[in-house]
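The values are calculated or read from the model by the stated rules, or taken from the named source; none is laboratory data. Predicted model only: the values in this text are computed from it and were never measured. The protein model used for the area step is the full one, side chains on, heavy atoms only, and it has no ligands, DNA or RNA in it. Shrake-Rupley method; radii C 1.70, N 1.55, O 1.52, S 1.80 Å.
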Amino acid sequence: MPVNRKTSSMSRRSLLHALGGGAALGALAGCGVPAAYVSPGDRAGADLSAGDKRLTWANWPLYIDTDDNDPSKRPTLEAFEKRTGISVDYVEEINDNDEFFGKISPSLMNHQQTGRDLIVISDWMCARFVRLGWVQEMDRAKQPNVTKYLDPLLRSPAFDPGRKSSVPWQSGITGIAYNRRKVGREIKHVSDLWADDLKGRVTLLSGLDEAFALLMQGNGVDVTKWTADDFHKICDQVEQHVHSGQIRRFTGNDYIKDLSSGDVLACQAYSGDVIQLQADNPDIHFVVPEEGAELWAESLMIPNLARHKANAEKLIDYYYEPEVAAELAAWVNYVCPVPAAQDILASSKDKDTAALAEDPLIFPDAGMRKRLAIARDITSGERTEFAKRWNAIAGL
């Protein structure tokens with residue numbers, strides 16, 4: 001099985017601290033600053049797509065397939081350009097959600113063009129863009145593949161019911177990774193992290209948006225409608241485990257190094273990272289706890305006043321063709337938002353590629369899917385209070 005070659009993007013979800021740019025946005029929205037919100041009638045700009053065959057797409061580094069012999073070539077993207085005649089300026093400029101927000105928010109807030117027709121940001125940040133009216137609804141009549149093939153589990157998150165303004169680019173799961181040989185037993189529950197023999201060898205994710213849902217699920221909470229009481233209960237529990245020495249530390253994606261070295265035996269982890277770890281160490285396992293795990297996505301959105309909206313919609317729909325989605329999934333190894341791509345991979349004559357179709361971390365099986373949920377986002381009114389408490393616990 002090919003390893004996940006998207007190594008440098010592994011830092012994305014670990015750098016999403018709730019304070020900084022995110023807190024500023026929360027305060028802005030919470031104060032009801034009139035200039036921040038853009039009403040529906042002011043979001044669309046003149047669409048030049050028909051006569052101007054191009055678009056600008058901002059994405060994360062190493063988040064698209066490249067040619068093994070020439071990393072500057074992107075096979076699926078080049079095939080789109082050849083088929084449609086649309087030239088794509090593909091810019092790998094997103095390294096952190098808050099940082100990118102800071103880069104484009106002045107334009108969006110002041111009703112100006114961002115210079116980008118398509119962006120990819122994490123769903124919790126997508127939620128803020130939707131609340132502020134900073135992105136346009138897409139014309140699903142022009143996106144038959146999205147309508148037909150988008151995974152039902154990802155179709156209607158709380159922040160964007162019906163996915164009117166967002167389409168998942170890739171998805172993933174926040175669960176538990178552990179060293180089966182060194183632990184000496186299976187881990188099946190979030191509560192297993194608190195076993196005495198794991199004391200000092202457990203890590204949790206440091207980012208508020210990354211950590212809270214799985215911990216709530218361990219308490220039996222329905223994370224699609226969690227409450228402030230659920231959040232504070234989690235904080236009380238985590239504080240106890242910090243004080244007892246059960247939790248070694250809070251991490252970004254550096255949990256990968258700790259787990260590989262054996263300094264950590266079990267930790268919160270992302271499914272895409274574990275595929276890479278398993279290639280080097282088959283003793284590393286990833287588990288969706290019996291109580292459930294968080295399903296997340298990083299999604300495509302069209303910002304206000306984009307000049308090539310129809311071109312962007314066409315590109316999004318292209319990536320929802322099962323054959324194209326399969327080619328992308330075989331390279332990035334994240335949860336594929338197009339389940340129909342599984343059969344395409346399974347039919348491959350290449351054994352390693354065909355094996356990907358059976359990997360539940362790319363195509364979750366029926367049992368795993370029943371335990372996955374998209375957590376409701378943290379509202380602007382909650383964020384400042386929750387971030388202050390969580391960051392004090394995590395030492396941020």
Expected field for Glu78, accessible surface area in Å² at 1.4 Å probe radius, rounded to 10, holds 80
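Of the beta bridges DSSP finds with both residues in the chain, what % are antiparallel, to the nearest 5? All intermediate terms of the calculation are to be shown ahead of the outcome.
Details: 23 of 39 bridges.
So the antiparallel bridges amount to about 60 percent of the total.
Kindly report the accessible area of the stretch 107-255 per residue (heavy atoms of protein chains, probe 1.4 Å, no ligands, DNA or RNA), in Å².
Values: 5660 Å² over 149 residues.
So the stretch 107-255 comes to 38 Å² accessible per residue, rounded to a whole number.
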Computed helical MRE - 222 nm, the chain, DSSP H runs ≥ 4 contributing -39500 (n - 2.57), nearest 500: -11000 deg cm²/dmol
Determine the distance separating the Cα centre of the stretch 188-234 from the Cα centre of the stretch 241-311; give it in Å without decimals. 14
What percent does the relative contact order of the stretch 120-254 come to when contacts are Cα pairs within less than 8 Å and at least six residues apart? 23
Bins of 20 Å, beginning at zero and ending with the bin holding the largest distance: percent of Cα pairs per bin for the chain, please. 28, 59, 13, 0
With just the Cα atoms defining each centre, how far is the stretch 318-377 from the stretch 109-126? Give it in Å. 27
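Can you give me the Kirkwood hydrodynamic radius for the stretch 216-361, using every pair of distinct Cα atoms, in Å to one decimal?
18.6
Could you please state how large a percent of the accessible area of the chain is carbon and sulfur, counting protein chains only and using a 1.4 Å probe? Don't skip to the end; give the middle numbers.
Working: 7710 of 15410 Å².
Carbon and sulfur: 50 percent of the exposed surface of the chain.
Which entries in the list Lys164/Lys188; Lys182/Lys225; Lys103/Lys370; Lys103/Lys388; Lys309/Lys388; Lys257/Lys314 go over 29 Å, if you measure between the two C-alpha atoms of each? Please report the intermediate quantities before stating the final value.
On the way: Lys164/Lys188 36 Å; Lys182/Lys225 36 Å; Lys103/Lys370 38 Å; Lys103/Lys388 24 Å; Lys309/Lys388 38 Å; Lys257/Lys314 40 Å.
Beyond 29 Å between Cα atoms: Lys164/Lys188; Lys182/Lys225; Lys103/Lys370; Lys309/Lys388; Lys257/Lys314.
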Note down the relative contact order for the chain as a percent, whole number, built from C-alpha pairs under 8 angstrom at least six residues apart. 29
Note on the stretch 273-346: contact order normalised by length, alpha-carbon pairs under 8 Å, 6 or more apart, percent, works out to 20
